[in-house]
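The structure's right below; bear with me while I get my questions together.
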Amino acid sequence: ITCELTSGAVCSTGSPATSNPVAMTVNPVFAVSVSISANPSYPVCSGLSVTYTAVPVNGGSAPQYIWRVNGIIAGTNSDTYTCQPQVNDVVSCELNANLSCTAGNPATSSLVAAVNVAPVVSISACNDVVTSTNAKPFKLRGGLPLGGVYSGPGINAVNGSYIFDPLMAGQGTHLVTYTYTTAGLCTGTSSLAIINQVPAPVNCGLSAFTDIRDGRDYPTVKIGNQCWMAGNLNFGAMKNSSVQQTDNCVDEKYCLNNFAVNCQQTGGVYQWDELMRHDPALGGQGLCPPGWHVPSDAEWMALFNFYGGQSIAGTALKNQGPGGFHAIPGGVLYQNNSLWSFYLPGFSATFFWTSEPAVQSKVKLHGVNSEVQSVSDYSSGRENAFSVRCLFDYPVN
């Protein structure tokens, strides 16, 4: 750039005069912008950490970054920012370029968080959490929301259910994990521990058997090649007789006249579904101790036949002496209405559940009374509550 001056004076020399040239350098104007991306990409599950990365355009040699979440400054002066976004959080990055000639400086980019809510998952102990390697496999329940998957040692999927096999799992403390995945592919887990012990020997008829779940002792009696408890089952928390035993993952019993001391004398009485842990499997463990089960009708018949048949076996079952079955009146809860010892004029009786359903949603059971020598057959609605005798899973010599 030069300037030429023409003098307006009357007397002048060197007019017009030209200045020295000045060379001008013109820099281009740089348009500044920034874009941010999320890793992992949206949508994500709540509780998951997401790393946001800013990609500058014309940021210069030392750009500055200001991160904000919902308008509040967060993070540091870095091209990345990591957080756990909540639903609809607005994550933004402001880029301040350090170039001398810029347009659109500072520049901002934002993302609205697309977050799927992770499920709240829980697992309750609807099965024994202390068992033994000789126990029958049992169904795992108690995971919520329904429709999840159980995993861990000794667990198999069978016909839509998950079965824990103590023998397969082996001795030790095993973690059972319940996993639930939503339609949005968000996953939650919850776990509980099952203690799997090596069973103590059962000296049937010679010594008491100890239930490893609560430490309660039961006398035993050997009848043929069967090993029976010589006392009624007394397991679970006492519940008032005015309240149904429900599928609430709490093992429950009724005690005669709602006095706990009566359960110590004659055992508890159970509604059938509660007894079977709401899993009506023939010969299933139910509430019996690990290694024992609720006897089937055929197993009861084998007992009666050992004593000469059902028509006379009642006398032997009522034997209260050494080596006796010790059938004593344990009370019944009829129609979940009132708990009482089953007394009729002149005699008393007791009833024992089987694990075998009868017709029309009723269940088979057997009863003995003080007046006759036979054992009677009955079928009862599952809402009634009766005594239980458990049978060892394995034949004895």
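The values are calculated or read from the model by the stated rules, or taken from the named source; none is laboratory data. The model shown is predicted, which means the values in this text are computed figures rather than measured ones. Note: ideal-geometry Cβ built from the backbone for every residue, glycine included; neighbour counts use all protein chains shown. Calculation scope for accessible area: heavy atoms of the full protein, side chains included, ligands and nucleic acids excluded. Shrake-Rupley method; radii C 1.70, N 1.55, O 1.52, S 1.80 Å.
From 165, 128, grab the single residue that is among the acidic types (Asp, Glu), surrounded by 14 or more Cβ atoms within 10 Å (Cβ to Cβ), modelled with pLDDT of 95 or more and over 16 Å from the mean Cα position of the chain (by Cα). Outline the logic, then answer.
On the way: 128 fails: over 16 Å from the mean Cα position of the chain (by Cα).
Matching residue, one of 165, 128: 165.
Now a separate question. Answer yes if at least one residue in region 231-238 is modelled with pLDDT under 95 and either touching a Lys or Arg at 6+ places or on another chain (Cβ under 7 Å) or assigned to a strand (DSSP E or B) (or both), and no otherwise.
For region 231-238, residues modelled with pLDDT under 95 and either touching a Lys or Arg at 6+ places or on another chain (Cβ under 7 Å) or assigned to a strand (DSSP E or B) (or both): absent.
Continuing with the same structure: Condition check: in a strand (DSSP E or B) and either farther than 30 Å from residue 183 by Cα or open to solvent by 70 Å² or more (accessible area, probe 1.4 Å) (or both). Does residue 53 satisfy that?
Considered against the rule, which asks whether it is in a strand (DSSP E or B) and either farther than 30 Å from residue 183 by Cα or open to solvent by 70 Å² or more (accessible area, probe 1.4 Å) (or both), residue 53 comes out as no.
Hey, another quick one. Can we say residue 319 is open to solvent by 50 Å² or more (accessible area, probe 1.4 Å) and not in a helix (DSSP H, G or I)?
Answer is yes for this residue.
Does residue 62 qualify as being open to solvent by less than 80 Å² (accessible area, probe 1.4 Å), assigned to a loop (DSSP other than H, G, I, E, B) and farther than 20 Å from residue 116 by Cβ? Spell out the reasoning first.
Working: open to solvent by less than 80 Å² (accessible area, probe 1.4 Å): yes; assigned to a loop (DSSP other than H, G, I, E, B): yes; farther than 20 Å from residue 116 by Cβ: yes.
Criteria met by residue 62.
Taking residue 117, is it among the aliphatic types (A, V, I, L, M), under 30 Å from residue 395 (Cβ atoms) and under 24 Å from the mean Cα position of the chain (by Cα)?
no
So, in region 98-139, how many residues would count as being more than 25 Å from residue 191 (Cα to Cα) and part of a loop (DSSP other than H, G, I, E, B)?
Qualifying residue count, region 98-139: 9.
Need pairs with beta-carbon distance below 9 Å; first residue within 28 Å of residue 122 (Cα to Cα) and of a type in the set (A, V, I, L, M, F, W, C) and within region 240-255, second open to solvent by 40 Å² or more (accessible area, probe 1.4 Å) and outside any strand (DSSP E or B); sequence gap 6+ or separate chains.
Going by the 9 Å Cβ cut-off, the qualifying pairs are 249/124; 249/125; 249/141; 250/124.
Then there is this: What residue, among those in region 139-161 that are within 27 Å of residue 392 (Cα to Cα) and in contact with a Phe, Trp or Tyr (Cβ under 6 Å, 6 or more places away or on another chain), is surrounded by the fewest Cβ atoms within 10 Å (Cβ to Cβ)?
It comes out as 154.
Within region 1-39, how many residues are under 30 Å from residue 66 (Cα atoms), open to solvent by 100 Å² or more (accessible area, probe 1.4 Å) and either at pLDDT below 90 or among the hydroxyl-bearing types (Ser, Thr, Tyr) (or both)? Steps first, please.
To start, the set of residues in region 1-39 that are under 30 Å from residue 66 (Cα atoms) comprises 27-39.
The next check asks that each one be open to solvent by 100 Å² or more (accessible area, probe 1.4 Å); those that pass are 29, 39.
Restricting the remaining residues to those that are either at pLDDT below 90 or among the hydroxyl-bearing types (Ser, Thr, Tyr) (or both) gives none.
Residues that pass the stated criteria total 0.
Next question. When region 266-286 is examined, which residues are found to be part of a loop (DSSP other than H, G, I, E, B) and surrounded by fewer than 24 Cβ atoms within 10 Å (Cβ to Cβ)?
Hits for region 266-286 are 276, 277, 278, 279, 280, 281, 282, 283, 284.
Separate question: Evaluate the following for residue 184: is it touching a residue at least 24 places away in the same chain (Cβ under 8 Å) and not in a strand (DSSP E or B)? So that I can check it myself, show each step before the final result.
On the way: touching a residue at least 24 places away in the same chain (Cβ under 8 Å): yes; not in a strand (DSSP E or B): yes.
So residue 184 fits the description; yes.
Quick check: is even one residue across region 222-235 at positive phi and within 33 Å of the chain's Cα centre (by Cα)?
no
Just to be sure before I move on: is residue 304 modelled with pLDDT of 90 or more and part of a strand (DSSP E or B) in the structure I sent? Full working, then the answer.
Numbers: modelled with pLDDT of 90 or more: yes; part of a strand (DSSP E or B): no.
No.
So which residues in region 219-239 are in contact (Cβ under 8 Å) with a residue 24 or more places away in the chain, buried (at least 18 other Cβ atoms within 10 Å of the Cβ) and under 17 Å from residue 269 (Cβ atoms), if there are any at all?
229, 231, 232, 233, 234, 235, 236
Answer with yes or no whether residue 298 is of a type in the set (A, V, I, L, M, F, W, C) and either at pLDDT below 90 or open to solvent by less than 50 Å² (accessible area, probe 1.4 Å) (or both).
No: the conditions fail for residue 298.
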